[in-house]
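A quick write-up on the structure given underneath.
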Amino acid sequence: MTTAPSTSPSGSSRAHTTTEASTDERYVIGADGTMLFVSAKGPANAPVVVLVHGLGLSTRSWKPVIDRLAAAHRVVAYDLRGHGRSAPSPTNDYEVPAQAADLDAVLAATVRHDEQAVLVGHSLGGQIILARAQQRLDRIGAVVFAGSAGSRHTAPGLPGHRLPKLLRSAVRRLWLLTLQLAARGAIQLRAAERLTGAVARRTVFTPDDPAPAVREACREFLSTDPDVLARTALASVSDDGSRLAPHLHVPALILHGDHDKQVSEPAALTLLSRLPDSHLQTLPGAGHMLPMTNSGDVADHVARWVHHVAEPTAAPPLASTA
C-alpha cells in the first residue's frame with residue numbers, strides 16, 4: 001500500500017502542532033484505491049494505539065479518547081471508507097473483507113513492521129479488527145473491544161449459508177433495499193434535532209448520556225451518505241463476526257456497558273468465550289457509545305492494557321477475567 005499526505009487547497013501538506021502533541025494528517029490508499037483519511041497524534045517513539053470507529057461515525061468520535069492518550073501514546077485513527085473525510089469505495093464495496101483490507105493498509109502505513117500496536121474497535125470496528133486478524137496478526141499486539149461484540153448478531157435470513165444461491169442473493173437485496181430506505185428516511189429528518197436525539201437515546205445512548213455527545217453522533221451519522229450507511233450496515237449484519245475470534249491470538253479486553261442496547265451481555269460473553277486470551281470489564285451505567293460518553297474510562301483502560309501488554313507478567317487491572 002502507499003500513502004499520500006493530505007493537502008490544503010493550495011497543495012501544501014498539512015501538519016498541526018499544539019502545546020500537547022503534534023497531529024499528522026494524511027491519506028492512505030486502500031487495496032481498491034479508496035482514499036482513507038488517517039490522523040496520528042502523539043510522540044513518534046511512544047507505544048502505538050490504533051482506533052477503529054463504528055458505523056456512521058468518524059475519527060471525531062474518538063477525539064476525547066485521543067486527547068487523553070496522546071501525551072504518552074502515538075494514537076492513530078482513520079475514517080472508514082465512505083465515512084468522515086475518507087472517500088467512498090470506487091468499487092462500491094463496503095463488505096467486511098474490504099474494511100479489513102483498509103485496516104491492513106492503515107497499519108502498514110503507520111506501524112513499523114517490528115512494532116505491535118494496541119487496536120481499539122468501537123462497535124463495527126471490533127468486527128473489522130477480527131476480520132483483519134483472521135488474515136494476519138502482524139503489527140497487532142493486543143486488542144480492546146469498546147462497546148463491541150464483533151457484530152455478534154445477524155439480520156433475519158442472514159448469512160443464509162444453507163439457502164440456495166439465488167434465494168440468498170434475493171434476501172440480501174431485500175435487506176439492502178430496506179436499509180437504504182431507512183437511511184434515506186433518517187437523513188430527511190436531519191433538521192428535526194429533538195426527534196433524532198430521542199431516537200438516538202432509545203437505540204445507542206442512555207437517558208443520562210450528555211446531550212453534546214448525542215448531538216455530535218446524530219450529526220455524524222446523518223451526514224454520511226445513505227447508500228454507504230446501508231451497504232456498511234448490511235455487511236455488518238450479514239454474518240456473525242465473533243466466529244472469527246479464535247484467530248485473535250493476542251490479549252484482548254472487552255469493555256462492556258451494562259446499559260448497552262446494541263451489545264447484550266450474552267453477546268459480550270459469547271465473544272469472551274471465543275477469544276483465546278480475553279478479559280471482560282463491565283462499566284456500570286454505560287451504554288453503547290463509550291468513546292463519546294465514557295472517554296475517560298476507555299482511555300484509562302486502553303493505557304492500562306498497553307502497559308499490561310508491555311509487561312505481560314503483571315496481572316491485568318480488571319474486575320473480571322476469563
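Throughout, read-outs are computed from the coordinates displayed, never taken from laboratory work. Owing to the predicted nature of the structure, the values given are computational and were not obtained by experimental measurement. Methodologically, a virtual Cβ is constructed for each residue, glycine included, from the backbone with ideal geometry; neighbour enumeration extends over all protein chains shown.
Ranked by the mean number of other Cβ atoms within 10 Å of their residues, highest first, the peptides 141-148, 232-239 fall in the order 141-148, 232-239. Extension gain, D225-R190: 0.36 nm per intervening residue step, less the Cα-Cα distance, totals 11.3 nm. Computed over region 2-321, the quotient of the alpha carbon radius of gyration and 2.2 N^0.38 Å is 0.95.
Assuming R0 = 30 Å, can you tell me the calculated FRET efficiency for the pair A46 and T282, based on Cβ-Cβ distance, to the nearest 0.05?
After rounding, the FRET efficiency stands at 0.55.
Which of I140, I254, I128 comes first, and how do the rest follow, when ranked by fewest Cβ neighbours within 10 Å?
I140, I254, I128
Ordering of 200-212, 62-74, 45-57 by packing is 45-57, 62-74, 200-212, highest average first (other Cβ atoms within 10 Å, averaged per residue). A simple packing score, the average count of other Cβ atoms within 10 Å per residue, orders the peptides 256-268, 279-291 as 279-291, 256-268, with the highest score first. Please list log₁₀ I(q)/I(0) at q = 0.17, 0.25 Å⁻¹ for region 184-245, using the Debye equation with identical point scatterers on the alpha-carbon positions. Cα-only, vacuum Debye calculation for region 184-245: -0.68, -1.03.
Taking amide H as placed 1.01 Å from N in the peptide plane, the amide H of L51 sits under 5 Å from that of V76, A77, Y78, V120, each at least 5 places away or on another chain.
Backbone amide hydrogens, once placed in the peptide plane, bring S151 within less than 5 Å of Q127, excluding anything fewer than 5 places away on its chain.
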